[in-house]
């Protein structure tokens, strides 16, 4: 069964595999390398990456510091109207109140109990529906809180102690400590609510009753209470959402108003319950709820004296309730912000670096795939052409001056020697003027100098990053044209249609060049093997053994450095030269090789001392088999007629070097 038929038969299994593959979000897509690297990198890109990383790290550190110090919260505030609320206890630690009466000169009145009385009540009014009559029944109960001169035991917080330390406490009245601690007063609801609790402070003229008989005469009372100030030291809260800890800051204010014994004044003071929900979690939500009392309203009304009170101060809750929601950045928010900043900076830097990096990458690709002709090479080529033209003229003159006579046997030997020295004839025109590369090789004495010369011979465009940046501004147009031309050439080769067509061409060549048996063997050739010996320290010793195995040759071809490949190419060149007959394929390969290299090989072939100096001391000398390189001798012995006594035959360059 063919693979295609087997695949169609298992359609259900193939469908499940496709579903399985599509649901794998961590599948690794295939990646290609460029110039033997995962990605093309530049020093300028590295510097920009370091700069972006430093900026993002500093930004993250600032954000983490803000998170740790609870700075810069996100606050949302809303208000709602409430009718019924839960009871809010006025305890000694969260509520402060001190009451005093003063004359017009702001001196405290010391006649409490003889000239005026002070009554503090916590009243609770309830609206209930009678189940029998289905009518609303209102009930009200008031709890009296006796007052006493304030002392240090009334103050439990640092704020209270610091505030009242500057005040003469003997004439300031506070709630009875014992009752305040046991049953603190409460505020609850609003006037229209079902349950309404409020605090009522009443200042009245002293009147004698059956239970109280120590009041001063009415004349003195009238004179004492003729005019003055009613003052209350009352707590308040500042809402400070920027405060890292509690959002409420307690303050104590002195609030006062005038009074007179001829009027009755009512004071309605409302406190608004403020709720603060703070999310203090670093990753997950962690809500911390706090409450505070904030003064919201203070209204006064005054009428003629009603014979009941001079001052009636009512403290209750406002019908509006404020709610604050405070949030801090979490770790995931910080990382998200850093990632967003990274993306923004990356896109901005990419817009600047992309043209430069792309051009520099194309330059490296072009240097890898092509060679570029320099001005010195062009001048040498022109000089060579001029020299060749002179030689051709001289040769024509010689041919016209001397008749050529050869016997048949000499002609055959000459043709044979001409085929053997095919590459030498290619270089004959250059014998009068050596190339720059060959001249440099005359100065080479060891393999290290040869390696350096090979690096210098790459004939590449040596442009720095600075040159690429300058090129992007319109300068160095000639180099830019060369890069663009080379880029277009190798990009056309990378066209997918071109690649597929080349694969088909290889298949057709297999059909043309190989017979049926060879094709079957070719299709069953094994995959290349990675030799374990290349990872050892004694690789050089095992190199000869490894190279002798055909299964390793494919892998080793990519691992060989350029100098080793030069050695092998020289050995192959010598073996071709020693053939009795150079094949057409050999000729075509030699035609493609640079004339500089061919001339260099000829010089080495004819100069045994330089050959040993360059190759024998090389670390890769085990790769060379100098025994295979025979001495450059020739069996060619031309037979001349007596008519050819003055004729000079054309000899290969290597034979002339021997002479």
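The values are calculated or read from the model by the stated rules, or taken from the named source; none is laboratory data. As the structure is a prediction and not an experimental result, all values here were calculated from the model. As a convention, Cβ positions derive from the backbone with ideal geometry for all residues, glycine included, and neighbour counts pool all protein chains shown.
Filter region 160-205 for residues that are loosely packed, with under 15 Cβ neighbours inside 10 Å and under 59 Å from the mean Cα position of the chain (by Cα); which is nearest to residue 107 (Cα to Cα)? Restricting to residues being loosely packed, with under 15 Cβ neighbours inside 10 Å and under 59 Å from the mean Cα position of the chain (by Cα), the top hit is 165. Taken over region 592-618, residues that are modelled with pLDDT under 70, part of a helix (DSSP H, G or I) and in contact with a helix residue (DSSP H, G or I) (Cβ under 7 Å, 6 or more places away or on another chain) amount to 4. Would you confirm whether any residue within region 258-265 is free of Cβ contacts under 8 Å to residues at least 40 places away in the same chain and under 30 Å from residue 162 (Cβ atoms)? The answer is yes, given that some residue of region 258-265 is free of Cβ contacts under 8 Å to residues at least 40 places away in the same chain and under 30 Å from residue 162 (Cβ atoms). Report yes if residue 75 is touching a residue at least 24 places away in the same chain (Cβ under 8 Å), over 14 Å from residue 187 (Cβ atoms) and assigned to a strand (DSSP E or B), otherwise no. Taking the combined requirement at face value, the residue satisfies it.
Just wondering, is there one or more residues in region 183-190 that are out of contact with any strand residue (DSSP E or B) (no Cβ under 6 Å at 6 or more places or on another chain) and under 30 Å from residue 262 (Cα atoms)?
no
For region 346-358, the set of residues classified as crowded, with 17+ Cβ neighbours inside 10 Å and over 12 Å from residue 44 (Cβ atoms) is empty.
Conditions tested, residue by residue: (1) loosely packed, with under 11 Cβ neighbours inside 10 Å; (2) out of contact with any helix residue (DSSP H, G or I) (no Cβ under 9 Å at 6 or more places or on another chain); (3) in contact (Cβ under 8 Å) with a residue 40 or more places away in the chain.
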position	(1), (2), (3)
69	yes, yes, yes
80	yes, yes, yes
88	no, yes, yes
101	no, no, yes
105	yes, yes, no
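For region 282-304, a residue qualifies if it is farther than 24 Å from residue 315 by Cβ, touching a strand residue (DSSP E or B) at 6+ places or on another chain (Cβ under 8 Å) and in contact (Cβ under 8 Å) with a residue 24 or more places away in the chain, and exactly one does: 304. Mind listing whichever residues of region 206-239 are within 24 Å of residue 166 (Cβ to Cβ) and surrounded by fewer than 16 Cβ atoms within 10 Å (Cβ to Cβ)? Residue satisfying the conditions is 238 alone. Could you say whether any residue in region 624-639 is farther than 30 Å from residue 372 by Cα, surrounded by fewer than 11 Cβ atoms within 10 Å (Cβ to Cβ) and modelled with pLDDT of 70 or more? No: region 624-639 contains no residue that is farther than 30 Å from residue 372 by Cα, surrounded by fewer than 11 Cβ atoms within 10 Å (Cβ to Cβ) and modelled with pLDDT of 70 or more.
Within region 330-351, the set of residues being touching a helix residue (DSSP H, G or I) at 6+ places or on another chain (Cβ under 8 Å) and over 22 Å from residue 282 (Cβ atoms) comprises 345, 346, 349.
Being within 13 Å of residue 225 (Cα to Cα), assigned by TED's automatic domain parsing to the domain that holds residue 230, modelled with pLDDT under 95 and part of a strand (DSSP E or B) is a condition met by at least one residue of region 87-102.
One line per residue, one yes/no per condition, for (1) loosely packed, with under 13 Cβ neighbours inside 10 Å; (2) in a loop (DSSP other than H, G, I, E, B); (3) out of contact with any strand residue (DSSP E or B) (no Cβ under 6 Å at 6 or more places or on another chain):
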| residue | (1), (2), (3) |
| --- | --- |
| 473 | yes, yes, yes |
| 482 | no, no, yes |
| 486 | no, no, yes |
| 497 | yes, no, yes |
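Please work out which residue is surrounded by the most Cβ atoms within 10 Å (Cβ to Cβ), limiting yourself to region 590-603 and to residues that are within 51 Å of the chain's Cα centre (by Cα) and closer than 16 Å to residue 570 by Cβ.
596
Filtering region 139-159 to residues that are under 56 Å from the mean Cα position of the chain (by Cα) and either assigned to a helix (DSSP H, G or I) or farther than 28 Å from residue 197 by Cα (or both) leaves 158, 159. Here residue 329 meets each of (1) at pLDDT 90 or above; (2) not in a helix (DSSP H, G or I) with one exception, condition (1). Of the residues contained in region 217-237, one or more are found to be in contact with a helix residue (DSSP H, G or I) (Cβ under 8 Å, 6 or more places away or on another chain), within 26 Å of residue 318 (Cα to Cα) and not in a loop (DSSP other than H, G, I, E, B). From the list 483, 529, the lone residue that is touching a helix residue (DSSP H, G or I) at 6+ places or on another chain (Cβ under 9 Å) and modelled with pLDDT under 80 is 529. Scan region 69-78 and tell me whether some residue there is modelled with pLDDT under 90 and farther than 30 Å from residue 320 by Cβ. Yes, some residue in region 69-78 is modelled with pLDDT under 90 and farther than 30 Å from residue 320 by Cβ. Select from region 39-64 the residues that are touching a residue at least 12 places away in the same chain (Cβ under 8 Å) and under 17 Å from residue 336 (Cα atoms) and list them in ascending order. Selection gives 52, 55, 56, 59, 60, 63, 64.
Within region 300-319, the set of residues being more than 17 Å from residue 101 (Cβ to Cβ) and surrounded by 16 or more Cβ atoms within 10 Å (Cβ to Cβ) comprises 314, 315, 316, 317, 318, 319.
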